[in-house]
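The values are calculated or read from the model by the stated rules, or taken from the named source; none is laboratory data. Small disclaimer: the values here were computed from a predicted structure and weren't measured. Please note: Cβ atoms are built from the backbone with ideal geometry, for glycine as well, and neighbour counts cover all protein chains shown. Heavy atoms of the whole protein, side chains included, go into the accessibility calculation; ligands, DNA and RNA do not. Shrake-Rupley method; radii C 1.70, N 1.55, O 1.52, S 1.80 Å.
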Amino acid sequence: MDVLFEPFQLAFLRHALIVCTVAGALCGLLGVFVTLRGMSYIGHGLSHAIFGGAALCAALSVNYVVGAGLWGLGSALAIGRVTRRRIIGSDAAIGVITTASFAFGIALLGMYSRVRQSIEATVFGSVLGVSAGDVWLVIGVALLTAVVVIGAYRKLLFTTFDPEVADVSGVNTARVDALLMLLLSFAILASMKVLGVTMIAAAIVVPAVIARMLTNSFATMLWMSSLIGGLCGLIGMYLSYHLDVSSGATIVLVGFLAFTVVFAATGRASVARTRALRA
Amino acid sequence: MSEDRSAAEARGDQRTVTGRDDEASALLSLEGVSHTYGEHAVLLDVDLDVHTGDVLGIVGPSGSGKTTLLRILLGALTPTTGRYERRPNLRAGYVPQVETVNWQFPVTVAEVVLMARTTGRRWPWPSAAERREVAEVLDRLGIGTLGHRHIRELSGGQQQRVFIARALLGRPDVLFLDEPTSGVDVRTRHEVLHLLADLHDDGLAIVLSTHDLNGIAAHLPKLLCLNVTVAGIGHPRDVLTPEILERVYGAPMDVLEHAGMPLVIDRAEGTVLDMRRRA
C-alpha cells in the first residue's frame, strides 16, 4: 500500500503531480480553441520555437521563464501575423518560423556543453528539479487563462466559429487572436519542463479531440477537455514514477489510451463530430 | 474626378446609371465609390442609396465586385476612393453564405444566435433577459423549438433561419445577406423568399447578393446589376434585359415574361453533344 502513496511523500514529486495535473487541464482548455481553429500544428510548432529561446537563455545564463517566454510570444505573434496576411497558410507559417527557432536551439546545443545538459530535459520532459516556483508558475498561468476565457468567452467563441462575421460585427478579431496566442505561449512555457517539447502538442490536441467525440456543445467541450487533460496529467505522472518512464511520454500515452477507448465506445457518431477539428 | 473614374470613362464604360435618389433620407449612401486590390480594380464609381424598407438585390458574375460592395455597405471595408456615409447609430445585421459555415462545429442553435451579443455581459452564460430574447427571435422565425439542437441537425431552410436569427438579435435597421440561396434546394429558396417578405413587412431594409437571376433576383423590387461598374439599377424588368445581361455576363441571353416577371434564358442551344457536332 505504501508503494501506491510513495509519490505523494516526496516533495519534488508532489510538485510534479500538481504541475502535470494543472498543465494537462490548461493544455486541454486551450486545445479546444486550437483544434477548432484548425491550428493543431501550432502546439508542436510553438514548443519547438520556445526550445530555441530556452537554449539561448541557457547559453546566456538568462532567466528561462522571462527569456523563453518573450521568445515564444514573439514567435506566436509572428505566426499570427503571417497567417492573417493569408499569403501562406498557418501550417506553412508555423513550419517556417518555429523550425528556424528549433534549429537555432539545436545549433546552440552543439556549441555549448552547458546548454546540452539543461536542454535535454526540456526536449523529453522531466520531473527532476520541479520546484515550488514551477508549481506557482503553472497555477498562475492556469488562473490567468481561466479568467480570460470566462471574460472573453463570447468573443473567443464567435471568432473561433465565424471569424469573418465576428469581424464585421464589431469584434476585434486580431486582438482576440493575439490574446489566444499569448495564452498559448504562456501555457507551453509553464508546461514544457514536465511535458517536454516533443510531447506538448499531443497534450494540447488529444483532450480536445476526446471531448469533441463526447459532446456537441462548445461550453461542455471546454470543461470536459480541461477535465480530461487534468486527469491524463495526473494519471500519466503517477504512472511515470512507477514505470520509470519520462513524464511527457506517459501523459501522452494515457491520453492516447483514453482516445482509443472513447473512439471504440462512441463509434461513427464521434468520427462525424471530429470533422470540425481541422489539422 | 478620380483616376479610376477617368480610366473607366476612357474605356467607354457608361456612368449614366446611378442608384442615388433621395440622399437625405438614406440609411446608407455611396458616391463615386471605387475599390482596388493592388493594381486590380474590383469596383469602379458606384453611386447607391439604401433607404428604410428597401429590398435590393445585387447581381453579377463571379468576380464582379458583389461581395466587395456588400462589405463596403456593411462598413467592414473602407473604399479606396469615394464617399461612404451611414446614418448615425445605424444597426446592421449580416448573414453569411451557409456554404461557408463549419457545420461540424460543436455549437447549438441558441449558442449561434447568442453570438450577436458579444458586448455588455461579461459572463459566458446568458442572462434571463437574453434567453427570453433568443426564444422570441427563434419563435418569430418559426424555429422556436430548435434552440437546444446542434446546427447540423437542421434542414437547409432552418439552418438559414438560424443565421438570420443571429443577425436579428442585434435589432438591425438593415439586413445584409451574402448569397442566401447558394447551394440550397428549391423548397429552401421559396422559404427564404417568404422569410424576406415577412422581414420587409416588419420595416427592415434588406440588401442581398445573389447569382440566382430567376429564383431570387426576379422576385425582388429593386436590382443592381454589377460588373465592376454599375450596369443597371431599378426594377428587374428594367435591369434584366438582354443588352445589360450580355454586357455584364459576356454571354447572349434572352428574357421572356412569365407571371409578370422577367425570366432569363441562356441562349446556349441544344445538348453538349449537339454543340460538339456543330463545332
Task: Helix-only CD estimate at 222 nm, as mean residue ellipticity for chain B, using -39500 (n - 2.57) per DSSP H run (n ≥ 4) - done: -9000 deg cm²/dmol
Task: Spin-label proximity, B:Ser182 to region B:97-112 - amide N less than 16 Å from point 7 Å beyond Cα toward beta carbon - done: B:97-103
Task: Computed accessible area, A:Thr173, all protein chains, 1.4 angstrom probe, square angstrom - done: 10 Å²
Task: Largest to smallest principal axis extent of the C-alpha atoms in region B:186-270, angstrom - done: 40, 30, 20
Task: In order through region B:123-129: 3J(HN,Hα) via Karplus (6.51 cos²θ - 1.76 cosθ + 1.60), integer Hz, x for Gly, Pro - done: 7, x, 7, x, 6, 4, 5
Open item on the list: Per residue of region A:192-208, what does 6.51 cos²θ - 1.76 cosθ + 1.60 with θ = phi - 60° give for ³J(HN,Hα)? Whole Hz please, x for Gly and Pro, Karplus curve as stated.
Closed with: 5, 4, 8, 8, x, 3, 7, 10, 5, 4, 5, 5, 7, 7, 4, x, 5
TODO: Would you kindly find the accessible area of A:Trp71, with a 1.4 Å probe and non-protein molecules such as ligands, DNA and RNA excluded, rounding to the nearest 10 Å²?
DONE: 80 Å²
TODO: With a/c under 1.5 counting as rounded, go ahead and sort chain A into rounded, prolate or oblate using the C-alpha gyration tensor (a ≥ b ≥ c being the square roots of the eigenvalues; past the cut-off, prolate if a/b is larger than b/c, else oblate).
DONE: oblate
Open item on the list: Per DSSP helix of 4 or more residues, -39500 (n - 2.57); summed, then divided by the residues of chain A. What does that give at 222 nm, rounded to the nearest 500?
Closed with: -28500 deg cm²/dmol
- [ ] Sort largest first and round to whole Å: the equivalent ellipsoid semi-axes of chain B, each the square root of five times a Cα gyration tensor eigenvalue.
- [x] 34, 25, 17
Task: With at most 14 other Cβ atoms within 10 Å, longest stretch of chain B clear of loop GluC sites (Glu not before Pro) (DSSP) - done: B:40-268
Task: Cβ-Cβ FRET estimate between B:Ser25 and A:Leu70, R0 fixed at 60 Å, reported to 0.05 - done: 0.60
Task: Order of exposure, largest accessible area first, which applies to A:Leu10, B:Leu196 with probe 1.4 Å - done: A:Leu10, B:Leu196
TODO: Leaving ligands, DNA and RNA out of it, report the carbon-plus-sulfur percent of the accessible area of chain B at a 1.4 Å probe.
DONE: 49 percent
Task: 1.4 Å probe accessible area per residue over the protein assembly as shown, in Å² - done: 45 Å²
Task: Solvent accessible area, Å² - A:Phe104, 1.4 Å probe, full protein context - done: 80 Å²
Task: FRET efficiency, A:Leu77 to B:Asp139 (Cβ-Cβ, R0 41 Å, nearest 0.05) - done: 0.40
Task: Per-residue ³J(HN,Hα) for region A:136-148, Karplus 6.51 cos²θ - 1.76 cosθ + 1.60, θ = phi - 60°, Hz, x for Gly and Pro - done: 5, 4, 5, 5, x, 5, 5, 5, 4, 4, 4, 5, 5
Open item on the list: Checking the cross-link filter: which lysines have an alpha carbon closer than 25 Å to that of B:Lys222, excluding same-chain neighbours under 8 positions apart?
Closed with: B:Lys66
- [ ] Run a plain Debye calculation on the protein assembly as shown (Cα atoms as equal point scatterers, no solvent) and give log10 I(q)/I(0) at q = 0.08 Å⁻¹, rounded to two decimals, same order as the q list.
- [x] -0.66
Open item on the list: Which residues belonging to region B:93-111 lose at least 20 Å² of 1.4 Å-probe accessible area when the assembly is complete, relative to their chain isolated?
Closed with: B:Tyr94, B:Asn102, B:Gln104, B:Phe105, B:Pro106, B:Glu111
Task: Dipole magnitude (debye, nearest 20) for region A:144-278, charges at Cβ of Lys, Arg, Asp, Glu - done: 220 debye
- [ ] Report, by chain and number, residues whose modeled amide H sits under 5 Å from the one on B:Val46, excluding near sequence neighbours (fewer than 5 apart, same chain).
- [x] B:Gly32, B:Val33, B:Ser34
Task: For the protein assembly as shown, share of DSSP beta bridges that run antiparallel, in % to the nearest 5 - done: 55 percent
